[in-house]
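Any read-out appearing in this document is the output of simple, stated calculations on the displayed coordinates, not a laboratory observation. Note that the structure is predicted; figures quoted are calculated from it, not measured. Note: ideal-geometry Cβ built from the backbone for every residue, glycine included; neighbour counts use all protein chains shown.
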């Protein structure tokens, strides 16, 4: 049993508790191997970073991006790039927390979303960031796109969890607010993350167990097996998985046309999920909690190292070699700090950080 203080976590659950597809828009076209290879194990890569890391993405096991909170040290939000030999901190030219990065490169760029409508477009070939801010004061907690001219950003105001949810669409030049009045004219709950199989099949999750779906014409609300917060959604051509909870966890999966609760016994709050194109899906959460799930069964991973009480994983990303990268930190304080990166796989990643 992982040691934890429920009272501390409940008192600390604020807006910081928050909790993602290639050419064929199935989440990955890289042919991930099963991360449960016998030789795979957990590695602590970086820890104690000045800012928490809230999301990760990349191209390969040796080319990764991790983005996160602004530690207010004068260098902007934590953005790290890994080249297989070392990690280096990038200067975005922006201030404020960055909550999410697209789970793959869209054209020449990755898109990164954050507080007060902050959106950055990062071009890795030139190592440059360009502001693409959405016209909103809401925090954009999630971002996904089928292409660089069809990007979906979602968010809201955690102080108004029931009616402040927003969805914005970027066409490569302008942002447009999506019409959600057909779901509820008074507003929808805060929305945390978005992921889709393509432009005509997009899922968005949020507070109160909210699950929305876009079919290319309109947004509808799907039946949910939970009323608890759902932080993150991801999938592939066969599966769609979402996770969340408050202190204790919830995992739901789309099966036979409807979402079902598939939470394994003993699961803590799960903030992030990733579903590779092949192999087991993964969720990550409080105090280093991890669960793996195949097409039929989910189980808590008892081999994952327990993190410090106030340090949690916030997101996961799977590389084409089958490795899993988990990022997080102390997401219960402002500014979020104690950034951490862990890796589950068969190689030993570099642990050197420059410019951090």
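Quick notes on this structure:
- Plainly put, the stretch 35-192 has a radius of gyration that is 1.01 times its Kirkwood radius, both from alpha-carbon atoms, as the Rg/Rh ratio.
- Normalising by residue count, the stretch 190-258 has a Cα convex hull of 78 Å³ per residue.
- Gain upon complete extension [residue 125, residue 39; 0.36 nm per residue less C-alpha separation]: 27.6 nm
- Pairwise FRET efficiency - residue 171 versus residue 213, Cβ, R0 = 30 Å, nearest 0.05: 0.90
- Kirkwood radius and radius of gyration were both taken over the C-alpha atoms of the stretch 135-186, and their ratio Rg/Rh is 0.98.
- Scattering from the stretch 56-98 was approximated by placing one identical point on each alpha carbon and applying the Debye formula without solvent; log10 I(q)/I(0) at 0.29, 0.32 1/Å stands at -0.95, -1.05.
- Projected area, mean over directions - the stretch 229-284, Cα convex hull, nm²: 3.6 nm²
- Once you reduce the stretch 47-71 and the stretch 240-255 to the center of their Cα atoms, the two points are 23 Å from each other.
- Once the C-beta distance of residue 255 and residue 308 is scaled by a Förster radius of 35 Å, the resulting FRET efficiency is 0.50 to the nearest 0.05.
- For the stretch 275-349 versus the stretch 212-230, the gap between their alpha-carbon centres in whole angstrom: 25 Å
- Using a Förster distance of 30 Å, the FRET efficiency for residue 222-residue 133 (Cβ separation, nearest 0.05): 0.50
- Debye intensity ratio in log₁₀ form over the Cα atoms of the stretch 58-151, taken at each q of 0.13, 0.19, 0.20, 0.25 Å⁻¹: -0.39, -0.86, -0.95, -1.44
- The alpha carbons of the stretch 95-137 give a radius of gyration and a Dmax of 10.1, 31 Å, in that order.
- Along principal axes, Cα extents of the chain, largest first, whole Å: 50, 45, 42
- Over the stretch 110-250, relative contact order from alpha-carbon pairs under 8 Å, at least 6 apart, %: 15 percent
- Cα-based equivalent ellipsoid, the stretch 237-351: semi-axes from gyration tensor eigenvalues, Å: 23, 18, 12
- One decimal place: the segment residue 95-residue 353 gains 90.8 nm when fully extended, by the rule 0.36 nm per residue minus the C-alpha distance.
- Relative contact order of the stretch 42-114: 26 percent, from C-alpha pairs under 8 Å at least 6 residues apart in sequence.
- Over the stretch 173-291, the hull volume per residue, using the convex hull of the C-alpha atoms, is 124 Å³.
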